[in-house]
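K.L.:
There's a structure below that I have some questions on.
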Amino acid sequence: MKQTTKRAVRFFAACLAILLVCTVVIWGLASNWGKVDIKRITITGDNGSTISSLMYVPETATNENPAQVVMIFHGRSNHAHSNDTWSIELARRGYVVFSPDLSGGGQSDVNDRQAQAIALTKYVTTLNYVDCSNMTVVGYSAGCGTTTFVATALPEYVKNVVQVMSPMLIHEINIDTPLNWCIIKGQADQYNYEFVGDLEACRQRVTEYFNLPETVEYGKDYTVDKGTLRYEMATDFALHQTANVSADTLQYLVDYITYINPSNTNTIANDDMVWGWHQVVSAVACVTMMFFLASIINLLMQLDFFAKAANVVTLRTPQRGVKAWVLDVVFTILIPALIFIHVSAYAIKWFGDGTPASKILTSPNLTGIMAWLIVVAVIGVVRMVIRAHKAKASGHPLTLSNYCLGGADEKHIDWSKPAKGLLIGIICATIVFVWLGAMEQMTGINYQVWNLSTYLPLTTDRFFRAIPYVIIIFVVMFIGNMNQRVLPSTGNEQRDLHIAVAVNTVMTAAALAILLIIQYGGNLAIGTGQAVFPQIDVYGTGVNTSVGSLDFAFGYCYMMGGTTGVVTYIYRKYSNIWLGVIPAAIFAGLVTLSGFTLVA
């Protein structure tokens, strides 16, 4: 027992040490090793809305030497940290950067998104260490529309507008003051294709809007009635969703802003980037968080109170052969992948896109994914019923141990065990979110890789709105893990554990991973924004592309796969599904909502 406890402590300590090292390195890269102060501010808008924003202030920005300012507005179902890569690179070059949470994203209220952006921009103009005479506003996706609202409301300050991956290519603006425009488009942008058309149609749209004498060329500067224009197209892995991890996009952004609004303290070459390393270290931290969760549960199980919830490890009959693998692939990967597009899209249409009809599932972009998970759970129940019927007909009815719900001799569920699983889940969530809150408060950073994973501190409102998602994810995990088959043993208990964790993690993530690879890999191959598998026409444009839940499903490969690995690990050690599923569902549900806006 003492040896087991020592291993549990070492496991926890190793995870904690890796997270500490990653935190220091992420902070160093993000803050230019202390030369940029990253912190969060909160203001109240004219309509009483609470607006939270990250601010990046270089040490060279002083009252005596004010720095140029860049405002960055995130896209739909994003938050302030979504644009960390851009903020980091601009702040390193001497710009003061503000990246706010808007309407239900991160820590801001659900309110008028555009009014929040205008209120924050007005606040920025009052700061003595900021030079607002040549302000640049940058928008990503839906944030492109926000840039036009701010430029319209504050033309005396806003002189430069950069729109990146705008859903309709360009958000038009009608003001008398000329502006400097930069439009950065993705090669395979399904939103542009949905609303405008292929690459040539997009070029014609820009040409006509700016009244150019010739068809617009990429990378060329034009002087037009509305000011100046530069139109760029990112070609490296440039989907709509990849703006923050596209080297082309980031290079165009830095090149344009330093050209049109140079910082007088910038000594860093435009191609000297650190965001790539920032993402690599963040990826290590994100993966470690899954191990950290498992290590907390494992450490708590060394206490006598929780140890009593463990079952005697039951030797279950392994399922071998091609048939077992085929059934796993069909029910775990093939069927879920085939039904995702239609189930998720119809759910979005049913609940409403934009302002949700549901007061329970308040994030429309998660609604489709949740509907899919519910259907997958129903399929799992059907599979369990068929399995139980066959076992009973053969004269060997299934017991609680076959469903991972109890020991070999238990005939009734001991409800103290799921109760202890719930307590472990609460403890785990508290530790994780206290850690995340303290980390951001002290360093201004979080753990995030693109939109695969995001770990944000929770607000009270966000916590309560997450509860329905936690319940859905719990049900899906619960049923899914009861259906997991027993793999043949290699004769080495430790190796068997590692194989089981790896197989179950991959199987759970595979349905969405394969669909995403086919859909977006094909999207890149076609190169216009067209999708391989047309989705339901959610927006009523008459064009079937992939703009639905699939666009917000990237993180579910990571989140559902990773937490399934945690559940498998805990079950293999303690033969109790409750101890893994309940904490993992709480973790996944709370983290899931933290990365999305409460409403679209």
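Quick note: the coordinates plus some simple rules give every number you see, no bench work behind them. Since the structure is predicted, the reported quantities are computational estimates derived from the model, not experimental observations. Ideal geometry is used to build each Cβ from the backbone, glycine not excepted, and the neighbour counts take in all protein chains shown.
K.L.:
So, with +1 on the Cβ of K and R and -1 on the Cβ of D and E, and no other charges, what is the size of the charge dipole of the stretch 35-273 about its Cα centre, to the nearest 20 debye? Kindly include the intermediate steps, with their values, before the conclusion.
P.N.:
Numbers: 15 positive and 28 negative charges, 88 e Å.
About 420 debye.
K.L.:
Still on this structure, I have one more. Testing the spin-label approximation: label points 7 Å from Cα along Cα→Cβ at D46 and E217. State their distance in nm.
P.N.:
4.4 nm
K.L.:
Starting from one equal scatterer on each C-alpha and no solvent at all, send me the Debye-based log10 I(q)/I(0) for the stretch 229-357 at q = 0.10 Å⁻¹, two decimals.
P.N.:
-0.81
K.L.:
Using a cut-off of 18 Å between alpha-carbon atoms, which aspartates and glutamates can reach K390, once sequence neighbours fewer than 8 places away in the same chain are excluded?
P.N.:
Hits, sequence-local ones excluded: D328.
K.L.:
So who's got an amide H within less than 5 Å of the one on L179, skipping anything under 5 residues away but keeping other chains? H placed 1.01 Å off N, in plane.
P.N.:
Amide H to amide H, under 5 Å and 5 or more residues apart or across chains, L179 pairs with G227, T228.
K.L.:
Additional query: Can you give the FRET efficiency to the nearest 0.05 for K6 and A393, using r as the Cβ-Cβ distance and R₀ = 45 Å? Present the calculation step by step, with values, prior to reporting the outcome.
P.N.:
Values: r = 48 Å, r/R0 = 1.07.
That pair, K6 with A393, gives E of 0.40.
K.L.:
Let me ask something else. Compute the relative contact order of the stretch 150-233 as a whole-number percentage, counting only Cα pairs closer than 8 Å that sit 6 or more residues apart in sequence. Don't jump to the answer; show the numbers that get you there.
P.N.:
On the way: 127 pairs, mean separation 24.2, N = 84.
Relative contact order of the stretch 150-233: 29 percent.
K.L.:
Are there any helices in the chain, counted as whole DSSP H runs, that stretch 18 Å or more along their axis by Cα and score at least 1.6 on average by Kyte-Doolittle, and if so which? The partial results should precede the final answer.
P.N.:
Working: long enough: 2-30 (41 Å, 1.27); 247-260 (20 Å, 0.49); 275-300 (37 Å, 1.53); 335-351 (23 Å, 1.49); 364-393 (44 Å, 1.20); 416-443 (40 Å, 1.13); 460-482 (33 Å, 1.39); 493-526 (47 Å, 1.07); 554-574 (31 Å, 0.16); 578-594 (24 Å, 1.89).
Qualifying helices: 578-594.
K.L.:
Per residue Cα convex hull volume for the stretch 61-212, in cubic angstrom? The partial results should precede the final answer.
P.N.:
Working: hull volume 17.9 nm³, N = 152.
Here the figure is 118 Å³ per residue.
K.L.:
Round to a whole angstrom and tell me the spacing of the C-alpha centers of the stretch 392-410 and the stretch 455-469.
P.N.:
Taking the Cα centre of each part, the stretch 392-410 and the stretch 455-469 sit 37 Å apart.
K.L.:
Applying 1/(1 + (r/R0)^6) with R0 = 41 Å to the Cβ-Cβ distance of I526 and K359, what FRET efficiency is obtained, to the nearest 0.05? Write down the numbers at each step before the final one.
P.N.:
On the way: r = 39 Å, r/R0 = 0.96.
The calculated FRET efficiency here is 0.55.
K.L.:
Further question on the same structure: Of all beta bridges DSSP finds with both residues in the stretch 35-273, what is the antiparallel percent, to the nearest 5? Mind showing how you got there, number by number?
P.N.:
Working: 17 of 46 bridges.
About 35 percent, rounded to the nearest 5.
K.L.:
Please give every one of the lysines within straight-line cross-link reach of K417, meaning a C-alpha to C-alpha distance under 28 Å, and leave out same-chain neighbours fewer than 8 residues apart.
P.N.:
K2, K6, K308, K392, K573
K.L.:
Further, regarding this structure: Just checking my list (i) 56.6; (ii) 28.0; (iii) 33.3 against mean projected area of the Cα convex hull in nm² computed from this structure; which label fits?
P.N.:
(ii)
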